[in-house]
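All remarks here apply to the structure that follows.
None of the figures in this text is laboratory data; all of them are computed from the coordinates on show. Just so we're clear, the structure is a prediction, and the values are computed from it rather than from any experiment. Ideal geometry is used to build each Cβ from the backbone, glycine not excepted, and the neighbour counts take in all protein chains shown.
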């Protein structure tokens with residue numbers, strides 16, 4: 001294989017890593033720019049913004065992506081003037097930079113595709129706007145990219161001349177740095193001449209290590225350049241470079257001006273030859289430089305957390321989670337067999353294994369936990385652009401950005417949040433004139449907040465707009481036949497109507513709303529995550545969309561109960577308490593709904609046996625598991641309490657997905673299938689029972705067994721909710737698994 005083919009293969013192998021890293025830089029660029037709109041004089045953010053563009057440009061140059069390099073250069077030039085205080089970061093300039101950032105993102109995504117005329121025209125129009133914003137004539141910035149021409153005999157006002165001497169260490173290439181990129185950066189700052197390299201430091205060809213750097217660079221730089229800018233150019237190689245900077249402003253350049261251009265061309269060609277053998281090694285390290293921070297000098301093992309990050313493909317982590325679920329199942333089965341043998345030593349050994357499995361479970365699930373702040377931050381751009389399109393002034397506030405939840409949940413909640421944010425901007429928040437007329441500040445406020453509550457994640461989308469117009473919603477519901485004409489449902493039921501398919505109160509169809517296909521998708525997507533959504537609204541004051549989600553979609557702690565021979569699991573975080581009741585102490589309707597009087601308040605109850613038409617089973621006493629359903633509580637009538645266990649969540653089959661009140665399934669240690677109860681869905685089933693006549697009984701708190709302590713009942717064989725008979729099994733600490 002010749003060298004060219006080998007290099008091409010290596011570049012093709014490393015290019016995906018560059019694209020991933022460049023996308024991260026582009027995303028960071030957008031977030032920093034949006035933050036700078038509120039803090040335009042934050043120099044740290046300005047420097048970070050410039051470094052994002054500079055990193056993308058430098059890395060793209062290593063892979064020969066000239067379209068990315070050429071366009072990003074203009075963005076970099078404009079940002080440099082903003083950093084120097086020559087330009088102010090106005091909203092118009094921010095809009096231009098955001099559009100340019102979108103173009104960089106597109107150029108990175110299409111890096112391996114041929115360029116087309118339409119894209120060229122769009123880029124050329126943006127380049128012209130960037131040049132005009134920077135105060136250059138059309139083509140002026142393009143000329144700055146070209147090698148500098150003859151030096152001026154007299155320095156213009158504000159210009160300075162510097163002499164640079166840089167001795168690069170042998171590890172520069174291995175650390176992912178390219179001296180040629182630094183030279184191009186200096187050429188962007190001003191006129192660079194003359195450039196010379198010390199060939200005496202280069203070993204003979206037979207003794208040369210192509211991955212080692214032996215470059216000693218000397219040059220002079222003229223322009224409106226400060227010492228700090230030059231030092232910034234060598235910022236990433238300061239530990240591997242001896243840099244000397246001498247101010248020659250008071251002196252005149254004695255070198256012939258007409259030969260400066262030729263000397264620079266020769267020096268650049270020489271640098272290319274020197275850098276070419278090490279390009280592969282350099283690009284390898286550059287592609288992962290951001291993912292693996294360089295440790296501090298002198299830091300030994302355990303000397304700090306720097307350099308402790310590693311990239312792992314998501315599918316590999318998913319495989320570990322799946323195997324962990326199978327391990328939980330196997331461990332539960334082994335524990336059950338150990339208890340049946342009644343051998344004390346074997347039981348204790350299995351208990352130790354179970355504790356280790358639980359520790360592995362907790363540690364592994366933490367690997368999938370990510371902060372929701374990154375998802376929230378994406379909406380800064382959405383709020384900015386949508387508000388401008390609607391002619392509204394909206395400030396976005398983010399609260400609880402460090403709240404963590406499962407990566408799979410974060411990825412799947414982004415689209416529902418997008419619908420809710422756009423809905424709040426379009427329907428909720430008013431235009432400045434309308435807000436002033438209503439006695440409100442001209443600027444509206446939209447808040448995205450997240451927090452942990454009762455073992456789940458609570459996300460709120462709050463706006464201080466006009467609120468949901470109840471009369472308008474009810475009028476539209478009457479027109480569409482969703483509610484009988486003239487009927488006045490409770491407030492909560494009226495607000496829930498906006499989630500009906502095809503429902504919309506918009507007078508006309510726009511780019512944002514009017515087709516009625518958004519909110520019903522929001523509800524279905526949230527329910528698919530085993531979550532719930534609740535709405536509160538006050539006319540003239542605003543609305544709050546409250547989303548409650550599980551921390552993870554894989555493994556949860558569950559509370560196992562028995563109804564006859566069938567097994568059901570409640571998510572442990574939803575269980576409030578357990579009370580006891582006699583079978584004849586409560587009357588239920590044909591759908592299994594009833595009520596009990598719990599300490600002076602009416603508690604709706606659902607009988608799982610009647611709800612799922614299970615065969616009757618004679619038991620002396622029932623248990624009522626009180627669970628939390630959104631902001632309310634309800635009781636679930638069961639026969640036996642079988643204790644707490646780890647639950648690996650399995651999806652329901654196609655035939656059982658329409659089963660009301662069931663969110664999934666799990667496999668117990670005995671091999672039985674248990675159904676996971678959806679408390680929110682059961683709450684909707686029981687809601688109507690609180691509005692009609694019902695027999696009321698008083699539960700005896702003194703008979704309340706604690707969750708986790710089994711309450712046994714006589715064994716029997718009745719059809720399970722899945723339609724297959726299951727053997728009765730009242731294991732005190734039955735363990736299941738989830739995935």
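Some notes on this structure:
- Per-peptide average of other Cβ atoms within 10 Å, ordering 36-48, 316-328 highest first: 316-328, 36-48
- Considering only Cα atoms, the convex hull volume of the stretch 327-376 works out to 66 Å³ per residue.
- Residues 595, 197 arranged by fewest to most Cβ contacts within 10 Å: 197, 595
- Compactness of the stretch 3-145 is given as radius of gyration and Dmax, 15.4, 51 Å, from Cα positions.
- Each of 170, 249 was scored by other Cβ atoms within 10 Å of its Cβ. Arranged with the fewest first, they read 249, 170.
- Among 458, 367, the ranking by other beta carbons within 10 Å of each residue's beta carbon, starting with the fewest, stands as 367, 458.
- Peptide packing: for 423-434, 110-121, the average count of neighbouring Cβ atoms within 10 Å per residue gives the ranking 423-434, 110-121, highest mean first.
- By average C-beta atoms within 10 angstrom, highest first, the peptides 464-472, 621-629: 621-629, 464-472
- Spacing of the modelled spin labels on residue 106 and residue 13, each 7 Å from Cα toward Cβ, amounts to 3.4 nm.
- Relative to one another, the C-alpha centroids of the stretch 340-394 and the stretch 519-568 are positioned 16 Å apart.
- Whole-number D in µm²/s for the stretch 373-550 (Stokes-Einstein; Kirkwood sum over Cα pairs; 4 °C, 1.567 mPa s): 77 µm²/s
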